[in-house]
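To start, the structure itself, in structure tokens.
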Amino acid sequence: MTGHAERAARFAADEPRAHWHDQALWFVRLKRDRMAAAVPEWEALRERAAAVKAHARARLADYLEQFEREATRRGLRVHWARDADEHNAVVHRILSERGVTRVVKSKSMLTEECHLNPYLQARGIEVVDTDLGERIVQLAGEPPSHIVLPAIHKKKEEIGELFHRTLGTAAGASDPTYLTQAARAHLREKFLAAQAGLTGVNFAIAETGGIVVCTNEGNADMGTHLPPLHVACMGVEKIVPRLADLSVFLRLLARSATGQPVTTYTTHFHAPRPGGELHVVIVDNGRSRLLAEEEFRGALACIRCGACMNTCPVFRRSGGYSYAWTIPGPIGSVLAPGRDPAAHGSLPFASSLCGSCDAVCPVKIPLHDQLLARRREVVRAGGQPLAKRLAMRAGAWVLGHRALYELAGRLARLALRRLPRALLYGRWNAWGRQRELPAAPAESFRDAWRRARGGGRG
Amino acid sequence: MKVALFVPCYVDQLHPQVAHATVRVLERLGVEVVFPEEQTCCGQPMANAGFAADAAPLARHFLEVFGGFDHVVAPSGSCVSMVRNHYGAFLSGAPGFDRLRRGTFELCEFLTDVLKVGELPGRYPHKVGLHQSCHGLRELGLGSPSERMEPRFSKVGLLLSRLQGIELVSLSRPDECCGFGGTFAVAEEAVSCLMGRDRIADHLAAGAEVVTGTDVSCLMHLDGLARRTRLPLRFRHVAELLAEATA
Amino acid sequence: MGSREEILAALRRAAPPDPGLPSEPVRGTPYADLALQLGEAVQAVGGAFQRVPDAAALREAVAALAARLEARRVVSRVPEAGAGTAGEAGPADVADPHELEGVDLAVVPGRFAVAENGAVWVAGEDLGHRAVFVIAQHLALVVPAAEIVNDLHEAYARIRFDGPGFGLFVAGPSKTADIEQALVIGAHGARSCTVFLVG
């Protein structure tokens, strides 16, 4: 079965492109560093954000009920969906009951997770993604490769070619400003013609019954203030207890995501627009199961900033598609195996465990501990190849017995010193494909120590 | 002061000069070094690959071997982090474990935090790139990782910077992972090697002649890549560098 | 059992122990000169910043901005800034927000501005149609000089949703960097955003 390693190898094989991808995301990481450094209380904000999320997790049901009560009082209509299918059905029912056939959507990873677009399209509803990056990948027939920068894997020339084909831009044009303006004109028509706007939810406030949606482009605002119908989809974990808690999360979110002090538009919906309707669909889809997992529930704190992807040295050089799941990178590698261990068992191993993700995470999810815990889970479930299992068992057994360890060491050194290069660097040797093996010494440290100091037992 | 030397298995077998250098550095500072010969491996290769059940006996063995010492020192941030940060899963509550955990140090932090060495009298007239190995940096706190917004420090960098004649080069990415990552180095060979070559390029661009660090594993990976393409870069574990500088 | 009850029951079953909600207020780091910091922050998010002493100067500055932008259709929600284009209905007066398409400049009041990030709080009740701030080609925000807070912590201490239940922070013009991380101003919303600080 192909896993992350094989897909990553294909991406990395085009080394100039892998480097270009790496540089593009490292640039975002550096912007994040500059922005975070400008906030003296940065680390305290992270602590606070983590604490608020930990509390909200413990009281999720209460806060969701409070949210529903307050939201309903304000004229929002709240729906509940156990899973992706129910979510899609609920959204479709809201749209179809009102005869909606043209929908504009702003970015929502939840609707990606539920595969809402194909569901609605199959039922005769046009869904236009309006975030520029999402529109690019939609026109290309691809999923997003990054949760904040959906088209980060595409070069401007490729986008120019795509827009030439689909939007009729000038052949060979690849200037980002020109292409963005072409998309603006194209999407403005869609906004003006839309009968409903779909959005995600960045935060839902239990105390006030409102939702907050953040964008830089203004696409969520264009999409929701013109048509009379707004449908907002949120996972259960999006709840924050109080309005004032937003200050902490909003100070962290955009700085962590794109290195901006705040998103351009941070829109607070606490009522439908006059004469309009605002529906909120609250979705579980595996989140209550994740909440039950002690080692992994912390991942529910994720505010989808994408900082762990930008900082991950593996993601930057393997691309979002190498993860083969809606949410890639370190957080995706923690979440995906919880959904389907067989399909996503390779993801926890797509990490050097460098810990940069933990250190950058604005809500302090212990990502690399969780990746390690997911590895243990995969191993326990027998999800590793027999050869590796046997090697680990044998290795541990040898290392557990000093005499065997010393013998194995001696043999290994002898092999390294004596075996012909052709044999040492055979196909079996993944280390040696691009790397030299260490020059093995004749004598181990312990042999030398024994010789010189005569068994200096401790 | 007496110190039990913990020599990680791959150092013992493949890079004994690093362990010898560690002994020299410690003995020059008047420390009595003992080497408990029953030691083998801390179990990190298994633990990091997710094979906790295979790592557990090695952790128990480690406690048996080193449990009687006030101070255990190793020339490896990663293996020390295994003991300090990951042994709890296997040894929590075991007699002597807390003492072991508190008493186990990476060489440089032992020098700066326990021996309170401010400055080593030595000379190393070279341009040196410091590779900050991830587990030492982010798990042991040998320095401030670039992600965190806190006062900048580096215990290893400080020790090195006080050697005469040394020039520590500044890297464009001061603490990016080299891509070794244990089994990751072979399981994700393509990305691992790309990461390593990028680190090497950063050190070369910064003008480094020598790359040093706290972990032989990272250096072995980088050295393997550099030697394959015959790049003009030497790799020295920080113990070797300190031993040579203070000779 | 319906989905709602099922989800709530599952979340209750899975709930970990509650570590408690941190209650001490979070404080940022105050700025020495709020207006100066605000000006820098607005520019950092791609906006323009202009301080004017009084309503008369504001009217002049807005007129000059409209002239510079060659704005033919201007709507104003700030009476002191001057009416909209002569004969043009304000946003509250059009029946359907779609009719706001083609507005070149919208002048909108901000309740207060945030020094740390250049964001201006716009309250729904000040807008007429919500769409006006985003559908207009250009946006001018008018904020009294006395109404600057240090940071979002202070900002949220001021925000209430008792009225029409809508409000937002606007920080600079609409922007995107979705093509090769190249910053492009004017994605879907306003192509420029000028913050006038009055007083």
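The H on the amide N of residue C:142, modeled in the peptide plane, is under 5 Å from the matching H of C:108, C:110, C:196, each at least 5 residues off or on a different chain. Based on the alpha-carbon gyration tensor of the range A:206-275 and its eigenvalue square roots a ≥ b ≥ c, which shape applies: rounded if a/c is under 1.5, prolate if not and a/b is larger than b/c, or oblate? Oblate is the answer for the range A:206-275, as a/c is 1.5 or above yet b/c matches or exceeds a/b. Remark: the residue A:30-residue A:97 segment gains 19.4 nm on full extension, using 0.36 nm per residue and subtracting the alpha carbon distance.
Applying 1/(1 + (r/R0)^6) with r as the Cβ-Cβ distance of residue A:433 and residue A:381 and R0 = 45 angstrom yields a FRET efficiency of 0.90.
Computed over the range A:39-285, relative contact order equals 28 percent, with contacts defined as Cα pairs under 8 Å that lie 6+ residues apart.
In terms of other Cβ atoms within 10 Å, A:270, B:61 run from fewest to most in the order B:61, A:270.
Translational diffusion coefficient of the range B:2-114 (Stokes-Einstein, Kirkwood radius from Cα pairs, 37 °C, 0.692 mPa s): 235 µm²/s.
Per residue of peptide A:44-52, the mean number of Cβ atoms on other chains within 10 Å of the residue Cβ is 3. Placing a pseudo-label 7 Å from each Cα along the Cα-to-Cβ vector at residue C:146 and residue A:142 gives an inter-label distance of 5.5 nm. Placing R0 at 35 angstrom, the Cβ-Cβ distance between residue C:43 and residue A:65 gives a FRET efficiency of 0.20 after rounding to 0.05.
Taking C:40, C:116, C:180 in turn, the Gaussian network model of chain C (Cα-Cα springs below 10 Å) assigns the largest fluctuation to C:180. Who wins for biggest fluctuation among B:150, B:106, B:37 in a Gaussian network model of chain B, springs between alpha carbons below 10 Å? Fluctuation is largest for B:150. The Kirkwood radius of the range A:39-285, taken over pairs of alpha-carbon atoms, gives through the Stokes-Einstein law at 20 °C and 1.002 mPa s a diffusion coefficient of 114 µm² s⁻¹. Counting only lysines at least 8 places from residue A:105 when in the same chain, those with an alpha carbon closer than 21 Å to its own are A:190, A:238, C:175. FRET efficiency for the pair residue B:205 and residue B:161, taken as 1/(1 + (r/R0)^6) with r the Cβ-Cβ distance and R0 = 22 Å, rounds to 0.60.
Each residue in A:222, A:392 was given a count of other beta-carbon atoms within 10 angstrom of its own, and listing them fewest first yields A:392, A:222. Extension gain, residue A:390-residue A:2: 0.36 nm per intervening residue step, less the Cα-Cα distance, totals 137.6 nm. Listed by chain and number, the lysines whose alpha-carbon sits under 21 Å from that of residue B:116, ignoring those within fewer than 8 places in the same chain, are B:2, B:155. Across chain C, the mean sequence separation of Cα contacts (distance under 8 Å, 6 or more residues apart), normalised by length, yields a relative contact order of 25 percent.
Listing A:314, C:52, C:149, B:3 from fewest to most neighbouring C-beta atoms within 10 Å gives C:52, C:149, B:3, A:314.
Modelled spin labels at residue B:227 and residue A:451, positioned 7 Å past Cα toward Cβ, are 2.0 nm from each other. Taking a ≥ b ≥ c as the square roots of the eigenvalues of the Cα gyration tensor, an a/c ratio of 1.5 or more together with a/b no larger than b/c marks the range B:127-245 as oblate. Taking all Cα pairs closer than 8 Å and separated by 6 or more residues, the relative contact order of the range B:3-147 comes to 23 percent.
Just so you know, all these numbers are worked out from the coordinates, no wet-lab data involved. None of the values given here were measured: they were computed from a predicted structure. We place every Cβ from the backbone using ideal geometry, glycine too, and count neighbours over all the protein chains shown.
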